Every structure is written in C-alpha cells, then in structure tokens.
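Here the structure comes first, spelled out in structure tokens, and everything after it is commentary.
The values are calculated or read from the model by the stated rules, or taken from the named source; none is laboratory data. For clarity, every value in this text was computed on a predicted model and none was experimentally measured. So basically every Cβ, Gly included, is an ideal-geometry build from the backbone, and we count neighbours across all protein chains shown.
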Amino acid sequence: MNIHEYQAKELLAKFGVGVPAGHAALTVEEAVEAAKKLPGPLYVVKAQIHAGGRGKGKFKELGPDAKGGVRLAKTLDDVKQDAEDMLGNTLVTVQTGDAGKQVNRLYVTDGVDIAEEYYLSMLVDRATGRVALIVSTEGGMDIEEVAHSTPEKITTITIDPAEGFMPHHGRAVAFALNLDGELNKQAQKLSKQLYEAFMALDCEMLEINPLVETKDGNLLVLDTKMSFDGNALFRHPDVAALRDETEEDPAEVEASEYDLAYIKLDGNIGCMVNGAGLAMATMDIIKLNGAFPANFLDVGGGATTEKVTAAFKIILSDPAVEGILVNIFGGIMKCDIIADGIVAAAKEVNLSVPLVVRLEGTNVEKGKEILANSGLPIVPADDLGDAAKKIVAQVKEAA
C-alpha cells in the first residue's frame, strides 16, 4: 500500500525526523489557509498523487508552458492561483503514463533554503534477507540514471534485522554523504530514526529524495515516498486508514475487497489462476505464444464460488480483454467450485469473448462436466501449453 507525501512526513515526524512545516488541503480555500499558518515568505505547493516526477509533470488541461505539480509561491495570491491550476486537473508524469492522475489533494509547505541535496532510501533486499540502505550524494535526480551512469556515487549498506541498526551503520551513511561535524552527527541520528520507522511500520520501501542540507546547517526530509507490506497492515490500523482508493485502479480496489491478488497489465488475454507461481507461468506461456496477458489474478487456494465469480467479472470489466484463459490446479481449491463460479459469472455478464479453461486436480472430472453441460461456448484444454495455444488462436479468429 502506498500513501501520500504529507502522510509519510506526518508518520516520520512521530519518530523525530525533521520535516518542513506543512499542511494538506482539499480545496483552494484550504490551501490558502494552510499557507497562512506558515512563516513564509516562500511557500511550496505540491500536488499529491501516487507518482514521482511531479515537478517536471504537465497538466493536461493547462497549456504546454504551464508549471508542473510542484511550485514555488511568494504570495498568498500565488498559492491560490497554483491551487486553482492543480486541483481537479490531470497531472501527467513519467510515472503516471499518458493517462495521468487527477489531483485531488495538495500539500502546502514552508520554503527551505537549500545548500545541498542528497538521496537516501530503505527497502527489503530479498537477495540478502536484510534491509538495504541506499545512499547517494546525487539527491534530487533520477536515481536510476545515477545508477546507470555513475554507479560509484551510490552506496548500499545492509542491516541484519536480527542485529538491528548499529552505530557503524550511521557512520557509514554520514561517510557516504561526505558529511562532517554537526551534519555528520545529524546523519547518523536520522539514519537510526528512519530505520526504526521502517521496521516499526512494516514498510516495504522508504525513499527520501531529496534529503536536504539547509543553509543554516540542518538536515530535512524535503520529499518522501512510503509503501507498506499489505500482509502486515492488520497490525497497523492507523496506517491502513491512510489508504487513498482514488489513487488506485478501481478493479484492483474491488479485487482487494474479495481478497483477490489482481494487477492490471497492458495485454489482451485475461488470466484467472490459483497460485502466484502458476499465474506467472501462465502469463509467460501466453507471451511465448505471441499474445500478452491483460492481468495477473490469483484467486488463492481456498476460493468460494462467490470469489471466483467476482474474479471473473473483474477480468471482464477491462475493455482491453479479448479473451480469457482460466488455469486451475486443484489442491485445496476444488475444480467443481471453479467451474460453478465460471458458469455463474459468464451467464451474469453475457460472455462475449472467447474462454479457454484448463482444469486439473481435485474434482477435475466433476468440474469438466459442469462446464460441458453449461451451454456456454467454453473451450476445454488438456494442459497449460494446449490452453495457451487455444486462447491465442481463439482471439485471433474472433478478431
């Protein structure tokens, strides 16, 4: 789960991390009132969407010369104008794609006199089973480009969760940022605070870009992103309450209500599979046969007919889907339950695209019998290879 910048800063502030003063706003009036609460005379008005590159982004509804989603304002009138430009309009960045995202929230913060910019992030390194702390002096830039062009400017420090954060980790961060004196001490303290927040909140990723050194000699988190392990949210109802469903794909939101693992992709073959590994293999074999998957969808091992019906309807809600491949290996999941769900959903939505079903495992013969007697144009498949070939051929024929 992702959250907005202002929400992430509020969480980090609880761990003692230094952030500029700021207030969220949902309306133009609230943005002006937020600015009035700040010292000024310089304000920063930031569009709040779940995507990076906001400053360089462009609004669809404004002219090509209009400013992006992060703006400096010198007066309250400027704040008002920036808020009017942003709220309700669509911001397109390198991370949103051409569709962009509508701006429904703003974050008005106090201006900061910046002396230097740094990069600092934490994430789970699955290769080592540790938390990786990634540090660079090249803050405010595209870290992927830095990694590609000047990898020597990036330092990775791993922390064993069993050992926890130790003083030498903090010293390594300060050294990587070329800081000395008081700033060196601040960097060590900040690193520990961020690690404590990362672990306490069950984060998957915490990125600060940039971390800034102010002209009066302080380190401040100027921009940050946080994402959380969805499987651990039951431990953090306060974090779960920060979810903004307007930033998510409606189909993915609906899928989460049925405890379905669904991710929309760019292809035309809808997939319904039980088991993440089998789902990945199914998507791979679709590509091997010359087509592209429209989604990742894992119904899990103990799905009910209702859950399967919901999954089927979610797939069909995507207008890009031109055919559906169902691939079920029944262990805990019974093939007849899958078959009942497929038939119920297909009848409810008036199935109009080719459907190929491969069933194997528990109650497979009963499941195949249900499909055969459904009266629907369902194409059975003997194995995964056969299923992929048949759905690709069916889609091409229908086109």
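Within the range 277-293, is there a residue that is over 15 Å from Leu325 (Cα atoms) and free of Cβ contacts under 8 Å to residues at least 24 places away in the same chain? Yes. Looking at Asp229, Asp266, just one residue is assigned by TED's automatic domain parsing to the domain that holds Ile134 and modelled with pLDDT under 95, and that residue is Asp229. Within the span defined as the range 376-383, every residue fails to be surrounded by 20 or more Cβ atoms within 10 Å (Cβ to Cβ), small (Gly, Ala, Ser) and under 30 Å from the mean Cα position of the chain (by Cα). Only residues that are farther than 20 Å from Lys56 by Cβ and outside any strand (DSSP E or B) were counted across the range 114-151, and they come to 7. Among the residues that make up the range 281-294, is at least one of them aromatic (Phe, Trp, Tyr) and within 17 Å of Val392 (Cα to Cα)? Within the range 281-294, one or more residues are aromatic (Phe, Trp, Tyr) and within 17 Å of Val392 (Cα to Cα). Note on the range 111-145: residues that are of a type in the set (D, E, K, R) and touching a Phe, Trp or Tyr at 6+ places or on another chain (Cβ under 7 Å) amount to 1.
Name the pairs: first residue in the range 188-216 and closer than 18 Å to His169 by Cα, second residue among the aromatic types (Phe, Trp, Tyr), Cβ to Cβ under 6 Å, at least 6 apart or on different chains? The qualifying pairs are Lys192/Phe165; Gln193/Phe15; Tyr195/Phe165; Glu196/Phe15; Ala197/Phe15; Leu206/Phe198; Leu211/Tyr118. Of all residues assigned to the range 36-59, none qualifies as being touching a Phe, Trp or Tyr at 6+ places or on another chain (Cβ under 6 Å) and in a helix (DSSP H, G or I). The condition (being in contact with an Asp or Glu (Cβ under 8 Å, 6 or more places away or on another chain), free of Cβ contacts under 8 Å to residues at least 40 places away in the same chain and charged (D, E, K, R)) is satisfied by just one residue among Lys313, Lys264: Lys313. If I filter the range 75-93 for residues that are out of contact with any Lys or Arg (no Cβ under 9 Å at 6 or more places or on another chain), among the basic types (Lys, Arg), without any contact (Cβ under 8 Å) to a residue 40 or more places away in the chain and not in a strand (DSSP E or B), do I get at least one hit? No. Of all residues in the range 284-309, those satisfying the criterion of being surrounded by 22 or more Cβ atoms within 10 Å (Cβ to Cβ) and aliphatic (A, V, I, L, M) are Ile286, Ala294, Leu297, Val299, Ala303, Val308. Would you check which residues across the range 317-355 are farther than 21 Å from Gly277 by Cβ and hydrophobic (A, V, I, L, M, F, W, C) and list them? Hits for the range 317-355 are Ala320, Val321, Ala339, Ile342, Val343, Ala344, Ala345, Ala346, Val349, Leu351, Val353, Leu355.
For Met141, state whether it is within 17 Å of Lys225 (Cα to Cα), in contact with a Cys (Cβ under 8 Å, 6 or more places away or on another chain) and not assigned by TED's automatic domain parsing to the domain that holds Lys46. It is false that Met141 is within 17 Å of Lys225 (Cα to Cα), in contact with a Cys (Cβ under 8 Å, 6 or more places away or on another chain) and not assigned by TED's automatic domain parsing to the domain that holds Lys46. For Ala24, the conditions (1) under 23 Å from Val239 (Cβ atoms); (2) assigned to a helix (DSSP H, G or I); (3) not aromatic (Phe, Trp, Tyr) are fulfilled apart from (2). Of all residues in the range 152-167, those satisfying the criterion of being part of a strand (DSSP E or B) and touching a helix residue (DSSP H, G or I) at 6+ places or on another chain (Cβ under 8 Å) are Ile154, Thr155, Ile157, Ile159.
Looking at the range 101-113, which of the residues that are outside any strand (DSSP E or B) and β-branched (Val, Ile, Thr) is farthest from Asp180 (Cα to Cα)? The residue in question is Val103. Looking across the range 23-75 at every residue that is of a type in the set (Val, Ile, Thr) and crowded, with 16+ Cβ neighbours inside 10 Å, the one that is nearest to Asp113 (Cα to Cα) is identified as Val44. If you go through the range 101-157 and keep only what is β-branched (Val, Ile, Thr), closer than 26 Å to Leu220 by Cβ and without any contact (Cβ under 8 Å) to a residue 40 or more places away in the chain, you end up with Ile134, Val146, Thr150, Ile154, Thr155, Thr156, Ile157.
Considering Leu316, Leu278, Leu325, Leu260, the condition of being farther than 22 Å from Glu248 by Cα, among the hydrophobic types (A, V, I, L, M, F, W, C) and surrounded by 18 or more Cβ atoms within 10 Å (Cβ to Cβ) is satisfied by Leu325 alone.
The rows are residues; the columns are (1) at pLDDT 95 or above; (2) part of a strand (DSSP E or B).
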position	(1), (2)
Arg171	yes, no
Leu183	yes, no
Gln186	yes, no
Leu190	yes, no
Leu206	yes, yes
Asn209	no, yes
Val212	yes, yes
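Exactly one residue among Ile328, Ile324 is in contact with a Cys (Cβ under 9 Å, 6 or more places away or on another chain), part of a strand (DSSP E or B) and touching a residue at least 60 places away in the same chain (Cβ under 8 Å), and that residue is Ile324.
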